[in-house]
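Just so it is clear, none of the values below were taken in a lab; they were calculated from the coordinates. The model shown is predicted, which means the values in this text are computed figures rather than measured ones. Here the Cβ positions follow ideal geometry from the backbone for every residue, glycine too, while neighbour counts run over all protein chains shown.
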Amino acid sequence: MALSTLRLACIGLIGASLAACSTLGQNPSTEVDCKSIQSSCHYGRFGLIWKVEQADGKIEADSISGTYEWRSGRTGPSQAPEIAYLEVSSTLGPSLGSAKRLGNFYEVRAADGRVYLAKDWQSLFDLMFPVELPAEALVQWMENPNPNELPTLPTNWAWENQNGRYRVVFIENNTSGRIDLIPQGTLGK
């Protein structure tokens, strides 16, 4: 797949990109209470850079940057379904897309109207991206962006953390890339 697919997919990621989206609507039963101690609500900046060296020596590269907003938690008692929203916007402000989870329902809605549905975060990311991103680790980080408890990454991926700026680096054969995550504040607390 072309790296421009990565740009379109990132619209729904981080990518990867969260606030409320269409299918579930916005009503109190599907909204995260960011004041709850069990919630994780924060915003920040992100960047994604990807480079692939083709067999003929040509290099294909792509990048995207912008802002993200993450909200996750439950709407009620501990038996209530988990909810997570990720809204991703370009550096200039327009929404690139959003991803959400309500219990076992996962959806990404891209700015161009495309919708991706899946059974879990990894399946959703696999539908969107030309390479396998560490979806579970990225979502775990979003739920708990703690520099002392960074989620385990798969082979060929590594965390870097410098002064509250997180970087997830990937290098394998002819492909390299990175995801930069810079939290800037919390929502509703």
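Numbers for the structure displayed
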item	result
Residue that is farthest from Glu60 (Cα to Cα), among those in the range 170-189 that are within 15 Å of the chain's Cα centre (by Cα) and among the aliphatic types (A, V, I, L, M)	Ile182
Residue in the range 38-63 that is surrounded by the most Cβ atoms within 10 Å (Cβ to Cβ), counting only those that are outside any strand (DSSP E or B) and on the phi < 0 side of the Ramachandran plot	Ser39
Tally, over the range 103-122, of residues that are more than 16 Å from Pro81 (Cα to Cα) and within 13 Å of the chain's Cα centre (by Cα)	4
Of all residues in the range 64-115 being outside any strand (DSSP E or B) and among the polar types (S, T, N, Q), the one that is surrounded by the most Cβ atoms within 10 Å (Cβ to Cβ)	Thr75
Scan of the range 99-121 for residues that are within 17 Å of Glu136 (Cα to Cα) and not aromatic (Phe, Trp, Tyr), ordered by number	Ala99, Lys100, Arg101, Leu102, Gly103, Asn104, Glu107, Val108, Leu117, Ala118, Lys119, Asp120
